[in-house]
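Each remark here refers to the structure printed beneath this line.
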């Protein structure tokens, strides 16, 4: 693999990562710890281990080393299969958020557990989304989700939610079901925010009725690097020949593709359908 090289853009990315790490640490200290919730993923597992050691041995282990140990396998997977620079950024995020969580003081905002579950979930989802948009993750299940999305072509964050439910089951059995149930609200809100903001691994299927099939296919490839299939059809009203273009596009590129198609053929009829699962040869821009 090629060696990593850094530019001014990378410095800006690291600055955004520090911001996201600070937001996450603030959320853990001021919301999550106040209500004794479990945010899910590697952070949630780390907090669960801290609570278990505190209950069994009377002391709480530091956040950073536990989180690093948990993230060791996902980091290895990231470096080997996802991208070196991407994984390096994720490692920086893990260190920044962990150290800040260990050392910054918490600020009491509210003790209302329902408000904490909702607004803490929003902040958690926003921090993770900022991190993902910058080209990094908070490690753990996020890296694994991206690995599965790249290899399997599916929106793997639903599987992450399943892992989090398992984590909460363990937490609920040990520390009480009320906190576990509120944590489900926290995680649901967080996942919803992420799915709204971060759409890189979502796909859309476009059905385009056009009289310029070759031009439209070329336009789709030029904008998105995705191919298309030309289907022959017949208009039901005028009984005239029609060509239907079938293509699957990355969700963030759909608006650009649709705009380019309308410029190519103003009379084109375009239908966008959400793609739930994808198998086969689909172009994915590799992580650095």
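The values are calculated or read from the model by the stated rules, or taken from the named source; none is laboratory data. This is a predicted model, so every value here is computed, not measured. Ideal geometry is used to build each Cβ from the backbone, glycine not excepted, and the neighbour counts take in all protein chains shown.
Of all the residues that make up the stretch 15-63, how many are surrounded by fewer than 17 Cβ atoms within 10 Å (Cβ to Cβ), under 25 Å from the mean Cα position of the chain (by Cα) and farther than 21 Å from residue 142 by Cα?
Matching residues across the stretch 15-63 total 1.
Here are 128, 143, 118: which of them is surrounded by fewer than 24 Cβ atoms within 10 Å (Cβ to Cβ) and in the same structural domain as residue 191 (by TED's automatic domain parsing)?
118
Among (1) more than 30 Å from residue 8 (Cβ to Cβ); (2) modelled with pLDDT under 85, which single condition is residue 113 missing?
(2)
Would you be able to say whether some residue in the stretch 29-47 is at positive phi, touching a residue at least 40 places away in the same chain (Cβ under 8 Å) and part of a helix (DSSP H, G or I)? Even if it seems obvious, please write down each step before you answer.
Step one: of the stretch 29-47, the residues at positive phi are 36, 40-41.
Then keep just the ones that are touching a residue at least 40 places away in the same chain (Cβ under 8 Å); that gives 36, 40-41.
Checking the rest, the ones that are also part of a helix (DSSP H, G or I) come to 41.
Yes; the residues of the stretch 29-47 include at least one that is at positive phi, touching a residue at least 40 places away in the same chain (Cβ under 8 Å) and part of a helix (DSSP H, G or I).
Mind listing whichever residues of the stretch 176-213 are within 27 Å of residue 143 (Cβ to Cβ) and not in a helix (DSSP H, G or I)?
If the condition is that a residue be within 27 Å of residue 143 (Cβ to Cβ) and not in a helix (DSSP H, G or I), then 198, 199, 200, 201, 202, 203, 204 are the ones that fit.
Output the number of the condition that residue 207 fails; it satisfies all remaining conditions of (1) surrounded by fewer than 17 Cβ atoms within 10 Å (Cβ to Cβ); (2) at pLDDT 90 or above; (3) assigned by TED's automatic domain parsing to the domain that holds residue 52.
Unmet condition: (3).
Could you please find all residues in the stretch 214-229 being in contact with a strand residue (DSSP E or B) (Cβ under 7 Å, 6 or more places away or on another chain) and outside any loop (DSSP other than H, G, I, E, B)?
If the condition is that a residue be in contact with a strand residue (DSSP E or B) (Cβ under 7 Å, 6 or more places away or on another chain) and outside any loop (DSSP other than H, G, I, E, B), then 216, 217, 220, 224, 229 are the ones that fit.
Yes or no: the stretch 70-79 includes at least one residue that is free of Cβ contacts under 8 Å to residues at least 12 places away in the same chain and either in contact with a helix residue (DSSP H, G or I) (Cβ under 6 Å, 6 or more places away or on another chain) or surrounded by 17 or more Cβ atoms within 10 Å (Cβ to Cβ) (or both).
Yes, there is a match, as at least one residue in the stretch 70-79 is free of Cβ contacts under 8 Å to residues at least 12 places away in the same chain and either in contact with a helix residue (DSSP H, G or I) (Cβ under 6 Å, 6 or more places away or on another chain) or surrounded by 17 or more Cβ atoms within 10 Å (Cβ to Cβ) (or both).
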